[in-house]
Amino acid sequence: EASADAGELESLKLLKVVRLVRLMKLVRLLKLGSYLEKIEEEFSINPAAFELFKLLLQVTFIAHMFGCFWYFTSVQTTDPEDSWYWELDDTFTIEDKYIASL
C-alpha cells in the first residue's frame, strides 16, 4: 500500500510540473504585446500598418484555433458518415486536411 501511495504522489508531482510548464507558456503570451511594441519602435513602422498586421495575426490565430477544433471534433466522430473527415481518402496529405478544416 505504501508503494501505491508513493506512485500516486509521484503522479501528482508530475501533474503539477506539467501545469507549471503550461503556465509559463501563458506568461510568454502575455509578454508578446511588449515584444511587438519594441519591434514597432525599433523598426519605426507606420502605426496604422502595424495595427493592420497585428489584426491579421489575430484573425489567422483564431482561424487556426477553429480549424484545429473542427479537425479534432471530426476525427473523434465515431460514425464515419457523420463527418467530412472520413470522406477524405489516403491521397489527401495532412496539409490538405488542415486546409479543409479551415
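Every number here is computed from the coordinates shown, using simple stated rules; none is lab data. All values reported here derive from a predicted model rather than from experimental measurement. Backbone-built Cβ (ideal geometry, glycine too); neighbour counts: all protein chains shown.
Data for the structure
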read-out	value
Local electrostatic count, Asn46, Cβ distance below 15 Å [Lys/Arg +1, Asp/Glu -1]	-4
Karplus-derived HN-Hα couplings along region 40-50 (A = 6.51, B = -1.76, C = 1.60, θ = phi - 60°), whole Hz, x at Gly and Pro	4, 6, 5, 9, 6, 7, 4, x, 5, 5, 5
Set of lysines with alpha-carbon distance to Lys16 below 16 Å, sequence-local pairs under 8 removed	Lys25
Mean separation of Cα contacts under 8 Å (6+ apart) over length of the chain, as relative contact order %	19 percent
